[in-house]
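Enquirer: Structure below; questions to follow.
The values are calculated or read from the model by the stated rules, or taken from the named source; none is laboratory data. Worth saying up front: this structure is predicted, and the values here are computed from it rather than measured. Reconstructed Cβ throughout: ideal geometry from the backbone, glycine too, with neighbour counts over all protein chains shown.
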There are 2 protein chains.
Amino acid sequence: MGSIDYERIRQIGTISESSRGWTKQLNLISWNGRSPKFDLRDWAPDNTKMGKGMTLTLDELKALKDLLNQMHELNETV
Amino acid sequence: MGSIDYERIRQIGTISESSRGWTKQLNLISWNGRSPKFDLRDWAPDNTKMGKGMTLTLDELKALKDLLNQMHELNETV
């Protein structure tokens with residue numbers, strides 16, 4: 001067993017919440033004291049546990065934003 | 001050991017490529033014959049192996065798009 005230290009530098013936002021209260025969040029997180037990375041991940045209620053997710057660089061977020069803005073199914077209005 | 005069947009329904013795009021040729025891709029993927037989900041994940045060259053990633057719903061992608069469009073650091077022009 002090991003441990004990972006992390007510091008939540010900035011909470012950018014939440015994109016969904018499950019029936020059990022887990023939320024999928026985009027944050028800026030520093031892992032083990034290293035320079036902060038963007039991080040898209042599931043978190044338990046009160047952020048006490050973390051689930052699956054991935055870190056992303058600023059350039060990856062920019063490219064992802066461009067992709068999402070090109071997807072027709074995300075542009076539909078009600 | 002088990003196996004996971006998946007079918008790549010649609011390749012939406014690639015947001016980065018590592019020096020070893022792995023790419024981070026957004027796809028629409030059907031896992032084990034179930035209804036397709038959006039999927040953000042690392043893939044080996046030629047898509048022969050998959051790495052860490054996560055599935056996302058359409059609503060989560062919409063919320064993520066809104067978040068990314070609000071982030072000032074993604075709006076900087078060169």
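Enquirer: Within the group A:30, A:18, which residue is farther than 15 Å from residue B:15 by Cβ, among the polar types (S, T, N, Q), in contact with a Phe, Trp or Tyr (Cβ under 7 Å, 6 or more places away or on another chain) and surrounded by 10 or more Cβ atoms within 10 Å (Cβ to Cβ)?
Expert: Values: A:18 fails: in contact with a Phe, Trp or Tyr (Cβ under 7 Å, 6 or more places away or on another chain).
Going through A:30, A:18 in turn, the sole match is A:30.
Enquirer: Counting only residues that are at pLDDT below 95, surrounded by 15 or more Cβ atoms within 10 Å (Cβ to Cβ) and more than 8 Å from every other protein chain (Cβ to nearest Cβ), how many does the stretch B:43-54 have?
Expert: The qualifying residues number 1.
Enquirer: Right, something else. Residues B:70, B:11, B:25: which one is modelled with pLDDT of 95 or more, of a type in the set (S, T, N, Q), under 11 Å from the mean Cα position of the chain (by Cα) and surrounded by fewer than 16 Cβ atoms within 10 Å (Cβ to Cβ)?
Expert: Answer to the selection: B:11.
Enquirer: Across the stretch B:28-37, what is the number of residues that are of a type in the set (A, V, I, L, M, F, W, C) and modelled with pLDDT of 95 or more?
Expert: 2
Enquirer: Are any residues in the stretch A:1-24 among the polar types (S, T, N, Q) and either more than 23 Å from residue B:55 (Cα to Cα) or at the interface with chain B (Cβ under 10 Å from one of its Cβ atoms) (or both), and if so, which ones?
Expert: A:3, A:14, A:16
Enquirer: What is the number of the single condition among (1) surrounded by 15 or more Cβ atoms within 10 Å (Cβ to Cβ); (2) part of a loop (DSSP other than H, G, I, E, B) that residue B:2 does not meet?
Expert: (1)
Enquirer: State which residue is nearest to the other protein chains (Cβ to nearest Cβ) when the search covers only the stretch A:58-75 and only residues that are among the charged types (D, E, K, R) and closer than 12 Å to residue B:61 by Cβ.
Expert: It comes out as A:65.
Enquirer: Right, something else. Of everything in the stretch A:25-42, what is under 24 Å from residue B:62 (Cβ atoms) and within 14 Å of chain B (Cβ to nearest Cβ)? Give them in sequence order.
Expert: Correct list: A:25, A:26, A:27, A:28, A:37, A:38, A:39, A:40, A:41, A:42.
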